[in-house]
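Asker: One structure coming up, written as structure tokens, with questions to follow.
The values are calculated or read from the model by the stated rules, or taken from the named source; none is laboratory data. Because the structure is predicted, anything quoted here is derived from the model rather than measured. Glycine also receives a Cβ, built like all others from the backbone with ideal geometry; neighbour counts cover every protein chain displayed.
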Protein chains: 2
Amino acid sequence: MMIQSYSAHEIDKHNINFPLTVPDYRYDQKNEVFKRAVWDDQIRVWASRLYSEVTFQNRPGYRQLDYALRNAAWNLEYDSGCGNSQGNSGLFSWTRVTDKIRRFIDAGEKLNRSPAELSSIVKKAARFLGADLVGICPVHPNLIYSHEYNLFTKKHYPIDLPENHSSAVVIAIEMKQEEIAHSPNAIGGAATGLGYSRMAFVANLVATYIRGLGYQAAPSGNDTALSIPLAIAAGLGELGRMGMLVTEKFGPRVRICKVFTDMPLTLDTYKPFGVTEFCMTCKKCAKHCPSQSICNGDPTVSGESISNHSGVLKWYINPEKCYKFWVKNWLDCTNCISVCPFNKPPGHIHDATRNVIRNTSAFNRFFVWLDDLLGYGKPFQAKEYWDMS
Amino acid sequence: MMIQSYSAHEIDKHNINFPLTVPDYRYDQKNEVFKRAVWDDQIRVWASRLYSEVTFQNRPGYRQLDYALRNAAWNLEYDSGCGNSQGNSGLFSWTRVTDKIRRFIDAGEKLNRSPAELSSIVKKAARFLGADLVGICPVHPNLIYSHEYNLFTKKHYPIDLPENHSSAVVIAIEMKQEEIAHSPNAIGGAATGLGYSRMAFVANLVATYIRGLGYQAAPSGNDTALSIPLAIAAGLGELGRMGMLVTEKFGPRVRICKVFTDMPLTLDTYKPFGVTEFCMTCKKCAKHCPSQSICNGDPTVSGESISNHSGVLKWYINPEKCYKFWVKNWLDCTNCISVCPFNKPPGHIHDATRNVIRNTSAFNRFFVWLDDLLGYGKPFQAKEYWDMS
């Protein structure tokens, strides 16, 4: 079966040479399960427990010292960024917030370099400023949310990203396997939280850099536009069975942020490395998902939930079941990330395996069998994170 | 000669078992050269040029794309932290700023663990949250600034760190040699700026973690107290000839932040590894300092400037000459950091050399000669940072 999930090349009606097929409508972010937890009675009733009734438990990963790590890791996002609730605010502001310290002049003029040179410059700056992976793609209008829904104000309003912000610098932030392996407890949640805080940090600094070259820059976390298809179009990886970006270097152990800009840039393109074919065989994420929210079968062209962005051939997850487990767990879960065989750190054998997978799917079944045999990617077994000796 | 710089063990009149000798008075931060640039006519006259007259130059490291990297790297400190100008504000606030997102409960009770366990826990958390080195020391009152001077409001007021914040979790943040090597241009300045932004990030998150365990936490950048002697007392390194902390792993390529807390913690202590003796011989920082601000001779017990914190045997720098070069250079300078032989990355030969230096000073002159011979630590030769191919 040929999978076309976010992969068919076509020129669409928008005349954007976007390297993927995208749905023919813009997604209203109000339909995200996290937003529905505020306005949708179907979810709100049980979701309220997650927000207000958490108590510490006397088992590793669910105690005060574990929750405290998770909360600390999130704190830059909580205190200074609002990427999860609102775009164009805090560290994700689309304009420079303050000139309180202005020791060195801001750029007045646009730096006059070729798109290839500007791309190379911006990518080098992004890596220095904290990006673990960086790519550039065009901004397909259907990947911009139609509306945003603010969790605090409960306001619902259209997104108005300026039209001239036609490129996205897409940035992946690694989450460390040491902590992710503790999913679904608070140590795993800390890896996610640190990813979000680093998203706010890096997106803000990269946007500041682009402004310093005289161009406009709108940094963004989970707000404003769908990060995963943008990341795929920017060459950062493929869509995995679990519905997340799978990168070659870190597997799905990444968070994504992006900076929209009017800077003329050379665009990257889709760079598959065998993930889709591997996911057809592997199914470890689906097998180990504690809520069985991940599709065990073949890709389809639409999901069953209003939270899905239907219209392309891919694996759709069940966000209601997924979120319900979070509530039951009193914490977010990343088991689908932690069990993924693509998580392996670099090394001779792992790199050689990735190279085979890139070139042929013939050995995928063997690799999954071997992954299991070697004891990788088991679902979490409660163990101690803290060394208190 | 026996150097006692920040190293003599004694119980002082404060009855704090602080591992170093410290001056017998508290330093008024108004006397820092950066603050004097605002109020002291001796410096203000020429310093104004650095703040308002910068123009790009057509040479590597001083162009728009170079300055933009420096400004971007500083931006978290500029926008959201005020560690360089004011303590207890922004990301360095001594209390939690917002409970806007409060999905998981804050701790009400103090975590009941031994000081040894709490130290181990906090250090592991700090490393995860971004600290490259972490140690713990008692807070000697004479290392707390007597007063702070705000660069923007020009207000001058006493520091009132709560007395029960008797321990400091001291954190070092690495600056990468790739960028530091470009000192004194804007690429070198970007390494410094990123260090400051990361200080705000890490100090904020570590303080949040400590609060989550039920204790008080006051994060701090350059504000509130002298970071270098605290870092030395926390076992992070020794004072180098250039007046900065020299760590075993990164040499002087670090920035320091700290979190004061009332948590009962096991204290680290002074851990020399041969720096003072090596600095007696080496003198590369003094030789390559573009303004000849670094003492070329033996340590003394007092400096000649009101910006020095006199009263202990150490090398005092000349901050007026140093800062005057910054003004002439239109940028900050870290040449003394970039040329230091202790900057070497880990590796068999470097580690073996460090091991010899730790145990004997007999070969120090040879090592300095070898360092020169191998071409290390030359002052900056203009070269291109950006690969625009």
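Asker: Quick one: how many residues across segment B:320-375 are touching an Asp or Glu at 6+ places or on another chain (Cβ under 8 Å) and of a type in the set (Gly, Ala, Ser)?
Answerer: 1
Asker: Looking at segment B:201-231 only, could you name the residues that are touching a Leu at 6+ places or on another chain (Cβ under 8 Å) and facing chain A (nearest Cβ under 9 Å)?
Answerer: Residues satisfying the conditions are B:Phe201, B:Asn204, B:Leu205, B:Val206, B:Tyr209, B:Gly212, B:Leu213, B:Gly214.
Asker: Next up: From the list B:Phe260, B:Phe325, B:Phe273, which one is within 19 Å of B:Lys378 (Cα to Cα) and among the hydrophobic types (A, V, I, L, M, F, W, C)?
Answerer: Just a single option satisfies the conditions, and that option is B:Phe325.
Asker: If you don't mind, another one. Give just the number: which of (1) at pLDDT 95 or above; (2) buried (at least 24 other Cβ atoms within 10 Å of the Cβ); (3) over 20 Å from A:Ala37 (Cβ atoms) does A:Ala286 not satisfy?
Answerer: A:Ala286 satisfies every listed condition except (2).
Asker: Quick one: how many residues across segment A:28-46 are touching a residue at least 40 places away in the same chain (Cβ under 8 Å) and over 30 Å from A:Asp160 (Cα atoms)?
Answerer: Number of matching residues: 1.
Asker: Residues being at pLDDT below 80 and under 27 Å from the mean Cα position of the chain (by Cα): count how many of those fall in segment A:348-374.
Answerer: 0
Asker: Mind checking whether some residue in segment A:212-226 is in a helix (DSSP H, G or I) and either surrounded by fewer than 24 Cβ atoms within 10 Å (Cβ to Cβ) or out of contact with any helix residue (DSSP H, G or I) (no Cβ under 9 Å at 6 or more places or on another chain) (or both)?
Answerer: no
Asker: If you check A:Ser302, A:Ser307, which single one turns out to be in contact with a helix residue (DSSP H, G or I) (Cβ under 9 Å, 6 or more places away or on another chain) and within 24 Å of A:Gln42 (Cβ to Cβ)?
Answerer: Result of the check over A:Ser302, A:Ser307: A:Ser307.
Asker: Residue under question is A:Gly90, and the condition is that it be in contact (Cβ under 8 Å) with a residue 60 or more places away in the chain, in contact with a Leu (Cβ under 7 Å, 6 or more places away or on another chain) and not basic (Lys, Arg); does it hold?
Answerer: no
Asker: Of the residues in segment B:108-136, how many are surrounded by fewer than 17 Cβ atoms within 10 Å (Cβ to Cβ), at the interface with chain A (Cβ under 9 Å from one of its Cβ atoms) and either in contact with a Cys (Cβ under 7 Å, 6 or more places away or on another chain) or under 13 Å from B:Tyr215 (Cα atoms) (or both)?
Answerer: Looking only at that region, the number is 1.
Asker: All but one of (1) in a strand (DSSP E or B); (2) under 18 Å from A:Asp372 (Cβ atoms) hold for A:Met242, so report the exception by its number.
Answerer: The number of the failed condition is (1).
Asker: In segment A:177-203, how many are at pLDDT below 95 and more than 16 Å from A:Asp66 (Cα to Cα)?
Answerer: Qualifying residue count, segment A:177-203: 1.
Asker: Please determine, by comparing only the residues of segment B:135-160 that are free of Cβ contacts under 8 Å to residues at least 40 places away in the same chain and in a strand (DSSP E or B), which one is nearest to B:Asp262 (Cα to Cα).
Answerer: Looking at residues that are free of Cβ contacts under 8 Å to residues at least 40 places away in the same chain and in a strand (DSSP E or B), I get B:Pro158.
Asker: Still on this structure: Just checking: which of the helices (runs of 4 or more DSSP H) contained wholly in segment A:273-379 hold 1 or more residues that are touching a strand residue (DSSP E or B) at 6+ places or on another chain (Cβ under 8 Å)?
Answerer: A:275-282, A:335-338
Asker: Restricting the first residue to segment B:309-337 and requiring it to be in contact (Cβ under 8 Å) with a residue 12 or more places away in the chain, which pairs with a second residue that is buried (at least 18 other Cβ atoms within 10 Å of the Cβ) and among the basic types (Lys, Arg) meet a Cβ separation below 8 Å and a spacing of at least six or different chains?
Answerer: Listed pairs, sorted by first residue: B:Trp315/B:Arg241; B:Leu331/B:Arg70; B:Ile337/B:Arg253.
Asker: If B:Gly347 meets every condition in (1) more than 30 Å from A:Ala126 (Cα to Cα); (2) of a type in the set (Gly, Ala, Ser); (3) loosely packed, with under 12 Cβ neighbours inside 10 Å apart from one, which number is that one?
Answerer: For B:Gly347, the exception is condition (1).
Asker: Please go through segment A:82-95 and give me each residue that is within 13 Å of chain B (Cβ to nearest Cβ) and either farther than 30 Å from A:Pro162 by Cβ or surrounded by 17 or more Cβ atoms within 10 Å (Cβ to Cβ) (or both), ordered by number.
Answerer: A:Cys82, A:Gly83, A:Asn84, A:Ser85, A:Gln86, A:Gly90, A:Leu91, A:Phe92, A:Ser93
Asker: Among the residues of segment A:43-56, write down those that are of a type outside the set (Lys, Arg) and at pLDDT below 90.
Answerer: If the condition is that a residue be of a type outside the set (Lys, Arg) and at pLDDT below 90, then A:Val45, A:Trp46, A:Ala47, A:Ser48, A:Leu50, A:Tyr51, A:Ser52, A:Glu53, A:Val54, A:Thr55, A:Phe56 are the ones that fit.
Asker: Look at A:Ile187 and say whether it is assigned to a helix (DSSP H, G or I) and not acidic (Asp, Glu).
Answerer: yes
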